[in-house]
1. Using the 10 angstrom Cβ neighbour count as an exposure proxy, how do Ile356, Ile28 rank, fewest first?
2. Taking the Cα centre of region 185-293 as origin, work out the dipole magnitude from +1 charges on Lys and Arg Cβ and -1 charges on Asp and Glu Cβ, in debye rounded to 20.
3. Which of rounded, prolate, oblate describes region 451-516, given a ≥ b ≥ c as roots of the alpha-carbon gyration tensor eigenvalues and a/c under 1.5 marking rounded, otherwise prolate only if a/b is larger than b/c?
4. What's the exposure ranking of Arg69, Arg559, Arg552, going from fewest to most Cβ atoms within 10 Å?
5. List the aspartates and glutamates whose alpha-carbon lies under 19 Å from that of Lys484, not counting same-chain residues fewer than 8 positions away?
6. Excluding same-chain pairs closer than 8 in sequence, count the lysine pairs in region 125-284 whose Cα atoms lie under 26 Å apart.
7. With a cap of 13 neighbouring Cβ atoms within 10 Å, and only residues DSSP puts in a loop, list the GluC sites (Glu not before Pro) found in region 36-133.
8. Using the Cα centre of region 206-354 as the reference point, and only Cβ charges (+1 on K/R, -1 on D/E), how large is the resulting charge dipole? Debye, rounded to the nearest 20.
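Please treat every number below as a calculation from the coordinates, not as lab data. Nothing here was measured: the structure is a model prediction, and the numbers come from that model. We place every Cβ from the backbone using ideal geometry, glycine too, and count neighbours over all the protein chains shown.
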Amino acid sequence: MPQLQLPIFPEGVTLITNEIAFQCKDGIVTYFYGHLPVFQHGKEDLKCFRFFTSQLVINGSVRQADIVRAFAIPRVTVKRYVKLMRQQGAKGFFVPPRRRSASVLKGEVSLRVQALLDAGKGVPEVGREVDVLANTLHKAIRCGRLHETKIDSTVKEVVVSTKSKRSEADSVADMGYATTRSLERVAAALGQLEAAPIQFEPVVDVPSGGVLLALPALLANALLHHTRDLYCLPKGFYAIESIFVLLALMALARIKSIEQMRYVAPGEWGKLLGLDRIPEVRTVREKLTTLCNEPGRAARWNTQLAVDWMTADPQSAGVFYADSHVRVYHGSLTKLPRHYVARQRLCLRSTTDFWINALDGRPFFLVTKEVDPGLVSVLRSEVVPWLENNLPAKPDPAEGNNDFVQPRFTLVFDREAYSPSFFREMKQKQIAVLTYHKYPGEDWALEEFVERQVALVSGEVVSMKLAERGTQLPGKLWVREVRKLTASGHQTAILSTDDHTELTSLAASMFARWCQENFFKYMREHFNLDRLVEYGTEAVPDTVGVVNPAWRNLDGQIRKKSGQFGRQLALFGELSLEGELTEAGVNSYQKRQGELQENITHLRQEIDQVKEKRKQTPHHITAGEFQLKIASIAYGPKRNVSSILSNCLPTARRPTWRTYYVTICPAPTMHGLCCGKSMKPKPICTPILWQKL
């Protein structure tokens, strides 16, 4: 029978269990069973510690959890050495470990490795050069077969300049602030240098230096592709690549105009380009003027980039988002036509940009129109021909009249381009359309909606309640109508001419259209999307359609008379006999009623006559036809020709002076015929130089 011990321990011990404890004193660990010491070992003697604790566990004196808690060691370590005690006994803890020798390091290999180490090369570099694992070299160094030579760190130290030192050197440059590469600038001025080479230096404290982290992404997105093929600059210090990279880094640093570059340190920004300094604002303007002097060059570059993007990512070349963005112009070079700006709820002078974006919101290209012809017209005349000519992969257009042929690509847009005739035209070209239903009608029964899992463009899977029917549009065009039921009970209806794509894919493509709106919002706030990089004017083509001034005048008369007609009807409806009926009151009532009835009849006849004239007058004419009509207009003495022309002719940019023969009657009373400038009275049928607004 084992002897029992009272749980009385010396002072300063740590309990393992209620009966076993240990004490570490003077570098010696002593184990106690009650008040009796039973084992001792050195504090650093891990072999004896593992042996004794494993023996306690196997004998049942303690649990593994007790050892883990008392000594704060991992449980897996305790299990490993308990297993060793059971398999090999006490000798298993004191057998020297078996180590593999570096057998590959023999003869010439060992001598070569040692020579490389003596030359100051690191172990990983030596291993790659002699085709030996770095672990093998480290083992040989630990065993003493090789020795690693330590090189003084001061030998490899590189001098790194700080911002204060660079500012001091820039301020004393010979040719101007931060022009430290004087010889290259002189050579460029003499025409002996094509462009300054890019040379990056080890520097610290560079403002906005983090934009260089995005430079690989810019280059991967073809920032410098086709620049040499489409653009060219004369010989000079700054290469065309430096100008493009500078404009890109300005956008990333949220510098929204070239003029703001006056307020940054030119020498510090030059370090980002690998040059001594960035060009002055005047120089950048001159470079941009040279790059933009040929019309259509930017459009060709945009086309090349878009083709490269679509070729690199064929999955994004199947669905295109189309939408218009109003770009407001606040300058004074010209008077653009007015457009309604929804975000400001005002009609402002602006141009309209029609953007084509990918599923994830990336822009492919845009079409700018000074005179807005509408989204349907731009899709038909500009966007669809561009996509048909530049898509990287085009399926065989055979059997084009078959309604069940796989579409070549899909156009997604909002209600602005809702047109059944346009849908039919696109379907005949094997182009699918996806848009909202402009006239959805009554709600569908809730029983038709089924909850489905929809995979979004980002990869996220969401649940949507969807239903589908076939819908016949005007012109006997059958399309698919898909509706989404929201939590509030609202039903969002979309239409599609795509008969092959699954229901969930159509819903994901349509409801992800907001990525394009988010692109506009983000680009306006952070990258100043609406700001012009370069300013200039050019003539509007004569084929551009404008609103006929005669039609606009007739339409204004109809609106004015319709308002008068409505007010007369309201007065007629409010007319009634009140109070006591007398002969005078009845006569006055009948007289007033007759006057109102006569006015209403007269206004109705006038409105019908003006409507008939408006119906016979073309709504739109070309800019060339409008210029020809100016010669035949006869204005009265109280009409201002300049104001009338400025309202009627929505030209976007200012051309050269032209001669117009304007009939003035009577001539001596007319003034101010040249854009608000005071002029002397002109005789009848005198040619007048008038500048387009």
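1. Ranking Ile356, Ile28 by Cβ neighbours within 10 Å, fewest first, gives Ile28, Ile356.
2. It works out to roughly 260 debye.
3. Because a/c hits 1.5 or more and a/b exceeds b/c, region 451-516 counts as prolate.
4. So the residues, fewest neighbours to most, are Arg559, Arg69, Arg552.
5. Filter leaves Asp414, Glu442, Asp443, Glu447, Glu448, Glu451, Glu460, Glu468, Asp498, Asp499, Glu502.
6. Here the count comes out as 8.
7. Values: sites: Glu44, Glu108, Glu125, Glu129; in loops: Glu44.
Here the GluC sites (Glu not before Pro) that fit, given the DSSP loop and packing criteria, are Glu44.
8. On the way: 18 positive and 12 negative charges, 144 e Å.
Using Cβ point charges on Lys, Arg, Asp and Glu, region 206-354 gives about 700 debye.
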